[in-house]
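Everything below concerns the one structure shown next.
The values are calculated or read from the model by the stated rules, or taken from the named source; none is laboratory data. This one's a predicted model, so the numbers in the text were calculated from it and none came from an experiment. Don't worry about glycine lacking a Cβ; one is built from the backbone with ideal geometry, like all the others, and counts go over all protein chains shown. Keep in mind that these areas ignore ligands, DNA and RNA; they rest on the heavy atoms of the full protein, side chains included. Shrake-Rupley method; radii C 1.70, N 1.55, O 1.52, S 1.80 Å.
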Amino acid sequence: MRRYDLHCHSTRSDGLLAPAAVVRRAAARGVDVLALTDHDELAGLAEAQDAARETSLTFVCGSELSVSWEDLTIHVVALRIDPEHAGLAAGLDAIRTGREARGQRIAAALEAAGIAGAWEGARRYVTSERLVSRTHFARFLVEAGHARDVKEVFKRYLAPGLPGHVAHAWATLTDAIGWIHAAGGDAVLAHPGRYKVSPEGLKRLLADFRDAGGDAIEVLSPSHTAAQVSQFASLARTYGLRASMGSDYHGPGESHLDLGDLPPLPAGLTPVWINW
Ligand code: AMP
Ligand code: MN
Ligand code: MN
Ligand code: MN
């Protein structure tokens, strides 16, 4: 059976390894089909694709889009997109522009909480022009001694309701799925178990996602407990969505799962790759 890993990050967003290094690591770990899905960015895909030619793995062009839905931020993974598609590129460019202003607001919020120099501090960890994320702030906050590790930073500062969190309007769900489809790709609701929604909210999210043309949901993700894997397998069938899987790998020492560290999809699901 082929091993799929359809969600991971490189230095083109908030990962720690360069795109080619991600591909080589995945190949060495026995991944057969890999998608690189940097946040709101396509810039690593050409390098990854070139590196994949030196290996036996099949490379899939992807991205992970930041989306605002109701009062939440959700992530939509784009798979098998055309990396040259102008409409998708323009949409992602607009999201990246928003990240810049949001980063300044995060720094101001941290300053108000008594932490100076966070903008410059986070910028030192940024490895892709105009792609500043909370992860970069988290690495700076660890360095500055405000938390032991990145996980603790999110618990104390960067999640909703905490001193370093700011509201932000990302892309709409309709726009994000529209760009992905225009670029020939499949739209996957990333790690649905991570969103802080009521049971009714989750039903609305899945219905809205499907009605907006969404194709699949991530069933296997390091964000999911065994119970959530069963829950989302069942919800995929209920909502007529295909199923995806990904390690969400960010780099050595920062991720719970390594590339390819996933079991096969639960039985009875239609994999997102069925028609690839
Ligand atoms: P952003 O897109 O700037 O909001 O940053 C989101 C990124 O922060 C995610 O893709 C993760 O890499 C990271 N992140 C979010 N929550 C946590 C957490 N609780 N622990 C560690 N990393 C997290
Ligand atoms: Mn990330
Ligand atoms: Mn995500
Ligand atoms: Mn991710």
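Observations
- Residue list for region 1-14, filter: open to solvent by 10 Å² or more (accessible area, probe 1.4 Å) and within 13 Å of ligand 2 (Cβ to nearest atom): 11, 12
- Among the residues making up region 40-58, those that are farther than 22 Å from residue 130 by Cα and of a type in the set (D, E, K, R) are 50, 53, 54.
- Applying the condition of being away from ligand 2 (no atom under 16 Å from the Cβ) and within 30 Å of residue 150 (Cα to Cα) to region 258-276 and asking which residue is least open to solvent (accessible area, probe 1.4 Å) yields 260.
- Taking each residue of region 85-109 that is touching a residue at least 24 places away in the same chain (Cβ under 8 Å) and looking for partners that are of a type in the set (Lys, Arg) and part of a helix (DSSP H, G or I) with beta-carbon atoms closer than 9 Å, six or more apart or interchain, yields 103/123; 103/134; 106/134.
- Scanning region 240-257 for residues that are within 16 Å of ligand 1 (Cβ to nearest atom) and over 17 Å from residue 191 (Cβ atoms), we see that the one that is least open to solvent (accessible area, probe 1.4 Å) is 251.
- Filter pass, residue 17 being within 23 Å of residue 123 (Cα to Cα) and either open to solvent by 20 Å² or more (accessible area, probe 1.4 Å) or more than 16 Å from ligand 4 (Cβ to nearest atom) (or both): yes
- Put simply, of 210, 204, 237, 194 the only residue that is open to solvent by 50 Å² or more (accessible area, probe 1.4 Å), of a type in the set (D, E, K, R) and within 15 Å of ligand 1 (Cβ to nearest atom) is 194.
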